[in-house]
Amino acid sequence: MSLAWRLLKTAVISLWAFRSYAALMMIGLIIGIASLTVIHQIGQGAQQAVSARMTSMGFGADAFYISSGGGRLGVRRGMKRAVTLTPADADAISRLDGVTHVVPHKNVARTQVSAGGNNTNTRVRGATPGWAAARNWAVLMGRFVTRTDIGQSARVAVLGTTVVRELFGEADPMGKRIRIGRTPFIVIGVLESKGSSGWRDRDDLILVPLSTATKRLSRDDKISGMRVTMTDASRVGEIKAEVTNVLRENHSLGPGVPDDFLIITPDELMKLLTRQSRSLVAMLTFVSAVSLFVSGVVIMNIMLVAVSERAYEIGVRRAVGARRRDILYQILMESLMVAAAGGVCGLFLGLLLSYLATWLLAIPTAFSPTGFLWALGFSAGVGLLFGVAPAKKAAGLNPVEALR
Amino acid sequence: MIQLKGITKTYYRGKVETPVLLGIDLHVREGEFLAIMGPSGSGKSTLLHILGLLDRPTGGSYRLDGIEVSSLSDDELARLRNDKLGFVFQAFHLLPKSTALDNVLLPFTYAGHFPADAQEQARRALGRVGLEHRLHHRPGEMSGGECQRVAIARALVNDPEVIFADEPTGNLDQRSSLEIISILQGLHAEGRTIVLVTHDTAVGCMCRRLLRVVYGKVVSDEPVADPTVALQQLQTLKEAAK
Ligand SMILES: Nc1ncnc2c1ncn2[C@@H]1O[C@H](COP(=O)(O)OP(=O)(O)OP(=O)(O)O)[C@@H](O)[C@H]1O
Ligand SMILES: [Mg+2]
């Protein structure tokens, strides 16, 4: 039986003797570490969801997106964003060297749509044949918009499943007539369901040919945005610069006039999204750090009380030869052990809670081993830090007075 | 072994000064069995704490084995307590949550190195005080006399040069007191040095030398003419009980 073992045993015995105190000390820490764990798991889950979402949007590394209207990524732009891009812009960009596809689209304002006696209000979007492939979005029934549809500005529509449900219920929508606003359309296809992404139902939309949207459904022939695909990812920077020149020239923007469009590269988008979730995580981390600090103060005060109650024990130890620092280490060891135990309990509670969050509330969470280490390190740190004052008090006791 | 010259102790509490020891000279040789007696508040415990390196004197010189202890650091005093001294207190001062064996092992925890046969030594010390059958009992599960015997085993386990006992029989009945003193007499017979504080004249008469302290001064210091043998008294007591 070695000395280290005896010291550990000593700590366990005194913690067990003072188990109600130890439990009190652990509560705050358990809550703090559990919430830290949950936050971390949610943050981690959000990050994974972001990258999954980007993949599903077809946001590969070899493409970028041009959006109408100026401003900066991540800064809220005007609600009524100027629609500045034109089909001519799309043509010019598609002729650039290294550009393989340009997939423009036009967002029409939410519109009242009806079929038979049923009504719904939905997003209408003008698209080109490349749109579905660019977003990995397959057609469930019928067909997608074709070049011929575009050429004829045909009044044909491809519906999202939510719209189908609203307008037709269980009935077959194919070939049926619907009205978008006042314009009659024929249903030619149904999109596969994508479910909702957060607050937004992705299946609540209608696609029409781009030319139909610009000519028949709105008063301008502008487009909202376009996706540009390149031959290879390494040319993104170079092509972004060229596109900027082309667009500024087309829009006759003089020097000093800010861009009236925004090029969003996958890198920037990813950075923005992770920065947002990271700042959320950072804020919540701060909150739980505060709660950990508070629980540290609680630990300190309980231990200070425990030390006065244990003055006699400390006196005995000093009488049989314990040095001040032996007492100091003993108390530190105890607070470290309580804190680490609290940390481990909190960690498991946190894992359980985030599992429940995923299971019951469908909040994505993901386990991360770094979070595990953080929780342990944090609680051990709290234990050490807030054990110092009680340990110093214990070590400073005069043995004679402690024994009285 | 122990050499005190002009030891004084004054407690300071705020502006209040309490002089307790007013200059104690004392020489204790190896193998002595010394009793310190005196009225309550005369400074016996204070003196014992200074002798036992638990407290420092305000003035005077204390040499232990030729070393002037006032020049030693707190850590060095702790090491000396662990190495050379053993304590027995009136209130036993055992750790209540630890077994007898663990209590006796306590000094080893703070020794420079933890001996491989510590358990064995602790068992032997408990055997020496007749408690081989109480190894795993906690203080709450033992009588006062047994607790005090565990305390003696703890004082003994590091093979100290001096054992200090502050009213070791103060909390015990007559019979347990006799048992404790007879153990101490046995240790003395083996050549150990023992310094004991007591109120009890009967206990004083079982030691070999009697020091009387009144108001912080030594008033008499003489050998005990014919020390009572505790074991005999114990026997008489047992017979009377039958
Ligand atoms: N920390 C202290 N501060 C102030 N005065 C103290 C302190 N410790 C002891 N005293 C005083 O010193 C005097 C001697 O105390 P001490 O405990 O040495 O007496 P004692 O001879 O052991 O008495 P008793 O027989 O009652 O145990 C007492 O008057 C006590 O009040
Ligand atoms: Mg006393």
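Quick check on region B:221-231. Is at least one of its residues of a type in the set (A, V, I, L, M), within 16 Å of ligand 2 (Cβ to nearest atom) and either assigned to a helix (DSSP H, G or I) or at pLDDT below 90 (or both)? The answer is no, given that none of the residues of region B:221-231 is of a type in the set (A, V, I, L, M), within 16 Å of ligand 2 (Cβ to nearest atom) and either assigned to a helix (DSSP H, G or I) or at pLDDT below 90 (or both). Just to be sure before I move on: is B:GLY86 more than 7 Å from chain A (Cβ to nearest Cβ) and either closer than 21 Å to B:PRO168 by Cα or in contact with a strand residue (DSSP E or B) (Cβ under 7 Å, 6 or more places away or on another chain) (or both) in the structure I sent? Yes, satisfied.
Yes/no per residue for (1) in a helix (DSSP H, G or I); (2) touching a residue at least 60 places away in the same chain (Cβ under 8 Å); (3) aromatic (Phe, Trp, Tyr); (4) within 12 Å of another protein chain (Cβ to nearest Cβ):
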{"position": "B:HIS113", "(1), (2), (3), (4)": "no, no, no, yes"}
{"position": "B:GLN119", "(1), (2), (3), (4)": "yes, no, no, yes"}
{"position": "B:ARG124", "(1), (2), (3), (4)": "yes, no, no, no"}
{"position": "B:GLY127", "(1), (2), (3), (4)": "yes, no, no, no"}
{"position": "B:HIS136", "(1), (2), (3), (4)": "no, no, no, no"}
{"position": "B:GLN148", "(1), (2), (3), (4)": "yes, yes, no, no"}
{"position": "B:ALA151", "(1), (2), (3), (4)": "yes, yes, no, yes"}
{"position": "B:ARG154", "(1), (2), (3), (4)": "yes, yes, no, yes"}
{"position": "B:ASP159", "(1), (2), (3), (4)": "no, no, no, no"}
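Residues being open to solvent by 30 Å² or more (accessible area, probe 1.4 Å) and either more than 16 Å from ligand 2 (Cβ to nearest atom) or in a strand (DSSP E or B) (or both): count how many of those fall in region B:164-187. Residues that pass the stated criteria total 5.
Restricting the search to region A:7-33, which residues are away from every other protein chain (no Cβ under 11 Å) and open to solvent by less than 80 Å² (accessible area, probe 1.4 Å)? Result: A:LEU8, A:ALA11, A:TYR21, A:ALA22, A:ALA23, A:MET25, A:MET26, A:GLY28, A:LEU29, A:ILE30, A:GLY32, A:ILE33. Just one of the numbered conditions (1) within 16 Å of ligand 2 (Cβ to nearest atom); (2) over 22 Å from B:LYS217 (Cβ atoms); (3) not hydroxyl-bearing (Ser, Thr, Tyr) is not true of B:LEU105: (1). None of B:SER45, B:SER40 is within 16 Å of ligand 2 (Cβ to nearest atom), of a type in the set (Gly, Ala, Ser) and within 24 Å of B:ASP74 (Cβ to Cβ) except B:SER45.
None of B:LEU47, B:LEU34, B:LEU21, B:LEU4 is under 20 Å from the mean Cα position of the chain (by Cα), within 11 Å of ligand 1 (Cβ to nearest atom) and in a strand (DSSP E or B) except B:LEU21. Of the residues A:ARG325, A:ARG317, the single one that is part of a helix (DSSP H, G or I), buried (at least 19 other Cβ atoms within 10 Å of the Cβ) and within 13 Å of chain B (Cβ to nearest Cβ) is A:ARG317.
The values are calculated or read from the model by the stated rules, or taken from the named source; none is laboratory data. Remember, predicted model here, so these are calculated numbers, not experimental data. Here the Cβ is made from the backbone with ideal geometry for all residues, glycine too, and neighbour counts use every protein chain on show. Accessible surface areas use protein heavy atoms only, side chains included; no ligands, DNA or RNA. Shrake-Rupley method; radii C 1.70, N 1.55, O 1.52, S 1.80 Å.
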